[in-house]
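Take a look at the structure below.
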Amino acid sequence: MPKVTIDDITIEVPEGTTILQAARMIGGDVVPPAMCYYSKLKTSGGYCRTCIVKVEQGSAKDPRPMPKPVASCRTTVMDGMVVRNKTSQEVLEARAGVVEFLLINHPLDCPICDQAGECHLQDLGYEHGKVETRYEFDRREFEKIDIGDKIQLHMTRCILCYRCVKVADQLTDGRVHGVINRGDVAEISTYIQNSIENDFSGNVIDVCPVGALTDKTFRFKSRVWYTKPVDAHCNCDKCSGKVRLWYKGEEVLRVTARKDKYGEVEDWICNDCRFNKKKTSDWVIEGPSKVDRHSVISANHYDNLKVLKATVDRQQLALPHGEKVGLGKGALDPNNIHGKH
Amino acid sequence: MGKKLLLEHVDVPGINTLSVYRQKGGYRALEKALRTMTPEAIVEEVKVSGLRGRGGAGFPTGMKWSFLAKPEGVPRYVVCNADESEPGTFKDRYLMEKIPHLLIEGMIVSSFALGAKTSFIYIRGEYFYVARILEAAIAEAYEAGLLGKNILNSGFDHDCYVQIGAGAYICGEETALLESLEGKRGNPRIKPPFPAVAGLYSCPTVVNNVETIAAVVPIVNDGGAAYAAVGIGKSTGTKLISASGHIKKPGVYEIELGVPVEEFIYSDEYCGGILGDRKLKAVVAGGSSVPILPADLILKTAAGEPRLMSYESLADGGFASGTMLGSGGFIVMDETSSIVKNLYTFTRFYHHESCGQCSPCREGTGWMEKILHRILDGDGTMKDIDLLWDIQSKIEGKTICPLGDAAAWPVASAIRHFRAEFEEYVRKGHSIKDVKHYYTTQGLPEPAYS
Ligand SMILES: Cc1cc2nc3c(=O)[nH]c(=O)nc-3n(C[C@H](O)[C@H](O)[C@H](O)COP(=O)(O)O)c2cc1C
Ligand code: SF4
Ligand code: SF4
Ligand code: FES
């Protein structure tokens, strides 16, 4: 079994393991952020470039360093490989660059976005990005598209991670959506707004790292941090029936798959479980979900809200037309934002 | 006169037809290969020749061929990259248009050497009429028994198809080309696996440029050693150069590698000097992707040696003072040209052609274009120049395919060598619009920048 050293920690891993998987085996700070890789989706990864690391030594046999940073999610470990992630200033700089690229055309409308609080781009920005934006031009905008009556696509927020395309490819028959156009006007589309109609289409919502694909049955019902996740199951003939219910008071506001600490679903769920079973009596309750630190819904994730507010304020001020989204007194009060919409 | 290995008969009337091509010794290499050589022997000759890929990267062709995986019972493919979309490059078109059979012969010989029963020529959509020329040549070859079953009674079967692209630069990147050829969206693949292991339809595939494949014909005819005797050092053989810009005689020239750059620009055999005998300002030596060099550095290396038209000499000094031979798109700019405007045009191109898969290239190319547009408009700041530098450095080396690098290098080199010109744009502010550049000095309308 090959041995790999990441940020001075050595681990033995099975043949064929990627650097990212090896880092996840070590855990903690050593793990590079991954916005497009998804272990449950074949051929995912390689696109976003947030997981780039430096390979200081290729292998024991060929100790030369790799000339360029590599995508850790798509690079296989070799015996004797030495990798730098957090311990390389070069990697941190390059990653901050990638984060900046992902954000320059992002609307930064977190205050009115349903994904806020469980958005990987928010986490990425706070953990790996810089506070200021250097982008002074108009941001890219798209019209919202309804994909059927349950899913909404807001391309403006999409980071083109290709995960939803792969879900449709690998989980469902006859994919009807994909990427059209190219470059920075590329978009996820059903082209002529065909709806995605099949039993597993709802999973695109769970894999979307940002608020581009959202559950219309949940839209604007609540901020996620005011809901309480509870694990539950049912006897379903289409899927595993293992879900997470998101309660506000007695009411189930939404149903999602259960996600692990990397934000990946544990089991895909069918649309019936996701959209149609919103009563407690539909489910066998297992108990409160363990929520990973990787989300603002875990307590004290961003303990200094003032800093957070100041950052958001500054980013808002940097918007080109002075259009402020949901700012002002009590801007971060979700009820306020909700009402504003 | 330099030796011509590819274009010797280019001016012979009717050379595009099979009969004239054969009169001039055409398909001799195919006969020799099928009747007297083993596939391994051909690969060996290509290795000995020192031929390097003419599509831009300059990778040794013999080595690429020897990497081709040969699992039992799995077809192998040869794919010719005729997508030629790099600004400043138009040599493949010339070759295919004038002597289509040279490419067809090269395809059959290469396919025999690599054990491919099927080959494809992937040609850019804008070369529609060239595709027709190739198809006519292929039809003639079938008729003469040079393609199809049991070619020249050798027992070797081969079919060659022409596939027309839809006009995307990115489909020249070999894995995007393969995706497009398979009928999919032309996105570059994430490597590994490399095409030599899993290429077209996941089968082992060799992708080579038009000129590379054509060069196999003289290599088989005269032997690898004879080919290697032409040229200089590791830059063996001849190279087609697409010369354009402010020169008296733009066109496609076949040069022996190693010709001094100065001779290439000024001698009557090649470009014939600068238009209007003005002063040379800069050269982009290998297609829009390679670093631009100012006159002094393109004529002489930083060490003061004469710069030669070869892979090594053009790269001498690294990116600090050198460039690359690339695809051989040689763009000459005289003293009236504006580096900033030219860079804007290139950057706009890369922005337009990015496939959008990876974030640095998707977002960074558009950002650079916007900043350059602002500088050109007289609204730039000194900070914009540093910002441009920083953006290109965050794209370079961090993308899936080399288009990201190709977008970054022109920006980096223009700032490295012509920073003063960017600063002048910033200082002049809006009055920069009154500064005369080539178009205005020639009394031509300025192109619209939008
Ligand atoms: C963005 C991009 C565009 C390219 N366009 C072409 C092209 O039009 N023609 C070509 O021969 N090679 C092109 N290449 C290089 C090919 O990827 C590949 O290296 C080449 O076809 C290999 O052939 P060779 O070894 O004979 O040069 C391009 C590469 C990139 C990254
Ligand atoms: S819609 Fe979401 S899942 Fe799909 S590509 Fe965009 S960001 Fe990724
Ligand atoms: S570098 Fe640009 S063209 Fe190449 S894969 Fe990435 S986005 Fe596409
Ligand atoms: S997670 Fe590796 S490139 Fe996106």
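The values are calculated or read from the model by the stated rules, or taken from the named source; none is laboratory data. Since the model is a prediction, treat every value here as computed from it, not as a measurement. Here Cβ is always computed from backbone atoms with ideal geometry, including for glycine, and neighbour counts include all displayed protein chains. Calculation scope for accessible area: heavy atoms of the full protein, side chains included, ligands and nucleic acids excluded. Shrake-Rupley method; radii C 1.70, N 1.55, O 1.52, S 1.80 Å.
Here are some notes:
- Each residue in the stretch A:248-263 was checked for being under 21 Å from A:F200 (Cβ atoms), in a strand (DSSP E or B) and open to solvent by 30 Å² or more (accessible area, probe 1.4 Å), and 1 of them qualify.
- A single entry from B:K64, B:K47, B:K32 fulfils the requirement of being touching a Gly at 6+ places or on another chain (Cβ under 6 Å) and not in a loop (DSSP other than H, G, I, E, B): B:K47.
- Candidates A:R140, A:R134: the one that is of a type in the set (K, R) and under 26 Å from B:P188 (Cα atoms) is A:R140.
- Of all the criteria given as (1) within 16 Å of ligand 3 (Cβ to nearest atom); (2) of a type outside the set (D, E, K, R); (3) part of a strand (DSSP E or B), the one not satisfied by B:C80 is (1).
- Residue match in the stretch A:3-26 (condition: over 27 Å from A:V265 (Cβ atoms), open to solvent by 20 Å² or more (accessible area, probe 1.4 Å), away from ligand 2 (no atom under 16 Å from the Cβ) and of a type in the set (A, V, I, L, M)): yes
- Matching residues in the stretch B:111-121 - criterion: being free of Cβ contacts under 8 Å to residues at least 60 places away in the same chain and either surrounded by fewer than 23 Cβ atoms within 10 Å (Cβ to Cβ) or outside the structural domain of B:E174 (by TED's automatic domain parsing) (or both): B:K117, B:T118
Residue-by-condition table, conditions (1) within 16 Å of ligand 3 (Cβ to nearest atom); (2) open to solvent by 20 Å² or more (accessible area, probe 1.4 Å); (3) out of contact with any Phe, Trp or Tyr (no Cβ under 7 Å at 6 or more places or on another chain):
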| residue | (1), (2), (3) |
| --- | --- |
| A:D123 | no, no, yes |
| A:E127 | no, yes, yes |
| A:T133 | no, yes, yes |
| A:I147 | no, no, yes |
| A:T156 | no, no, no |
| A:C161 | yes, no, no |
| A:V165 | yes, no, yes |
| A:V176 | no, yes, yes |
| A:R182 | yes, yes, yes |
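- Neighbours by Cβ (under 7 Å, 6+ apart or cross-chain): first from the stretch A:211-239, open to solvent by 30 Å² or more (accessible area, probe 1.4 Å); second aliphatic (A, V, I, L, M): A:K216/A:I151; A:K221/A:L253; A:W225/A:V296; A:W225/A:I297; A:H233/A:V243; A:H233/A:V284
- Set B:I331, B:I400: member being more than 14 Å from every other protein chain (Cβ to nearest Cβ), under 23 Å from B:S85 (Cα atoms), open to solvent by 10 Å² or more (accessible area, probe 1.4 Å) and in contact with a strand residue (DSSP E or B) (Cβ under 9 Å, 6 or more places away or on another chain): B:I331
- Check on A:V99, modelled with pLDDT of 95 or more, within 11 Å of another protein chain (Cβ to nearest Cβ), within 13 Å of ligand 4 (Cβ to nearest atom) and touching a helix residue (DSSP H, G or I) at 6+ places or on another chain (Cβ under 8 Å): yes
- Residues in the stretch B:404-426 that are under 17 Å from B:Y350 (Cα atoms) and among the small types (G, A, S) were compared, and the one that is surrounded by the fewest Cβ atoms within 10 Å (Cβ to Cβ) is B:A412.
- Any hit, the stretch B:219-227, residues being within 22 Å of B:E353 (Cβ to Cβ) and away from ligand 3 (no atom under 16 Å from the Cβ): no
Residues checked against (1) hydroxyl-bearing (S, T, Y); (2) within 16 Å of ligand 1 (Cβ to nearest atom); (3) free of Cβ contacts under 8 Å to residues at least 24 places away in the same chain; (4) surrounded by 20 or more Cβ atoms within 10 Å (Cβ to Cβ):
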position: A:Q57; (1), (2), (3), (4): no, no, no, no
position: A:M66; (1), (2), (3), (4): no, no, yes, no
position: A:S72; (1), (2), (3), (4): yes, no, no, yes
position: A:T87; (1), (2), (3), (4): yes, no, no, no
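- If the condition is being away from ligand 4 (no atom under 16 Å from the Cβ) and either part of a helix (DSSP H, G or I) or open to solvent by less than 20 Å² (accessible area, probe 1.4 Å) (or both), then the stretch B:171-195 contributes B:C171, B:G172, B:E174, B:T175, B:A176, B:L177, B:L178, B:E179, B:S180, B:L181, B:G186, B:P195.
- Selected residue (criterion: farthest from ligand 3 (Cβ to nearest atom)) from residues of the stretch B:191-218 that are polar (S, T, N, Q) and closer than 15 Å to B:K64 by Cβ: B:T212
- In the set B:K91, B:K24, B:K32, B:K4, only one residue is among the basic types (K, R) and within 16 Å of the chain's Cα centre (by Cα); that residue is B:K91.
- When B:D92 is tested against (1) at pLDDT 95 or above; (2) open to solvent by 10 Å² or more (accessible area, probe 1.4 Å); (3) of a type in the set (D, E, K, R); (4) more than 16 Å from ligand 3 (Cβ to nearest atom), just one condition goes unmet, and that condition is (2).
- Among the residues making up the stretch A:43-65, those that are among the small types (G, A, S) and within 14 Å of ligand 3 (Cβ to nearest atom) are A:G45, A:G46.
- Summed over the stretch B:361-396, the residues that are in contact with a Gly (Cβ under 7 Å, 6 or more places away or on another chain), within 10 Å of chain A (Cβ to nearest Cβ), in contact (Cβ under 8 Å) with a residue 24 or more places away in the chain and not β-branched (V, I, T) give a count of 2.
- Some residue of the stretch B:270-279 being in contact with a Pro (Cβ under 8 Å, 6 or more places away or on another chain) and farther than 16 Å from B:I255 by Cα: no
Yes/no matrix, rows are residues, columns are (1) part of a strand (DSSP E or B); (2) out of contact with any Cys (no Cβ under 8 Å at 6 or more places or on another chain):
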site: A:G174; (1), (2): no, yes
site: A:V204; (1), (2): no, no
site: A:K221; (1), (2): no, yes
site: A:A232; (1), (2): yes, yes
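- The listed residues are A:V176, A:V185, A:V131, and the only one of them that is more than 14 Å from chain B (Cβ to nearest Cβ), under 30 Å from A:A94 (Cβ atoms) and more than 16 Å from ligand 4 (Cβ to nearest atom) turns out to be A:V131.
- Candidates A:D79, A:D62 - the one that is in contact (Cβ under 8 Å) with a residue 60 or more places away in the chain, over 27 Å from A:V265 (Cα atoms) and not in a strand (DSSP E or B): A:D79
- All positions within the stretch A:37-53 that are within 13 Å of chain B (Cβ to nearest Cβ) and either open to solvent by 40 Å² or more (accessible area, probe 1.4 Å) or under 18 Å from the mean Cα position of the chain (by Cα) (or both): A:Y37, A:K42, A:T43, A:S44, A:G45, A:G46, A:Y47, A:C48, A:R49, A:T50, A:C51, A:I52
- Yes/no for B:I415 being within 30 Å of A:V55 (Cβ to Cβ), away from every other protein chain (no Cβ under 12 Å) and β-branched (V, I, T): yes
- Taken together, the residues in the stretch B:54-89 that are open to solvent by 10 Å² or more (accessible area, probe 1.4 Å), of a type outside the set (A, V, I, L, M) and within 30 Å of B:L343 (Cα to Cα) amount to 10.
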